[in-house]
Amino acid sequence: RHFIVTLSACSVLAVCAEVQADSKQECAAAYEKTQSSRDEGKLLDARKQAVACSASTCSGYVIKDCIQWLAEIDAMLPTVVFTAVDAAGAETTAVRVTVDGQVAVEKLDGKAVPMDPGEHRVRFEMGAEATEQKVLIRQGEKNRMLAASVKKVPPVVATTAPMLRAAAPMTPA
């Protein structure tokens, strides 16, 4: 019986050591990826990696660096707030927004959404209506309003104005 308990304890310790080794490798990978993603301007990914390498399972120096980088990334990470006006001209929340083909929000809620800096294509979908914008999001820009409207603009009706005759050129006297 003592042998079985010892064997079980060794198995648990082996599994724990393996998990700890995996955790250290994940921390090291997240540490490296934080830096490379930040340098490439992929701040959303850099933030995700900085959170991962800030975990208590990581070594002290890694945690210290990652917490500092996380604060720096948060300061650089732009945010936008989506707003929309429906066909009647009223503000609406029933809008799905995609950024570069990926769903950003299913419904507007007034909350800021973090985005990577750079040029993006933003699509607002309101029922069967949709509108697209090409925007440049700047690093450090916070709570930028991105608004869309599907308000119908009445068509310009061409009118037929009376034709004016050109006056005869004046000749010197």
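The values are calculated or read from the model by the stated rules, or taken from the named source; none is laboratory data. Quick caveat, the model's predicted, so the values are computed rather than measured. We place every Cβ from the backbone using ideal geometry, glycine too, and count neighbours over all the protein chains shown. To get the accessible areas, we keep the full protein, side chains included, count just its heavy atoms, and leave off ligands, DNA and RNA. Shrake-Rupley method; radii C 1.70, N 1.55, O 1.52, S 1.80 Å.
Brief remarks on what is shown
- Residues of the stretch 106-128 with amide N under 14 Å of a point placed 7 Å along Cα→Cβ from Thr79: 109-116
- Accessible surface of the stretch 18-73, 1.4 Å probe, proportion on carbon and sulfur as whole %: 53 percent
- Excluding ligands, DNA and RNA, the accessible surface per residue across the stretch 25-104 is 52 Å² with a 1.4 Å probe.
- Subtracting the Cα-Cα distance of Ser36 and Ser23 from 0.36 nm times their residue separation leaves 2.7 nm of extension gain.
- Each other residue within a Cβ distance under 11 Å of Leu43 adds +1 if Lys or Arg and -1 if Asp or Glu, for a net charge of -2.
- Surface composition of the stretch 81-131: carbon plus sulfur atoms contribute 47% of the solvent-accessible area (1.4 Å probe, protein chains only, all chains present).
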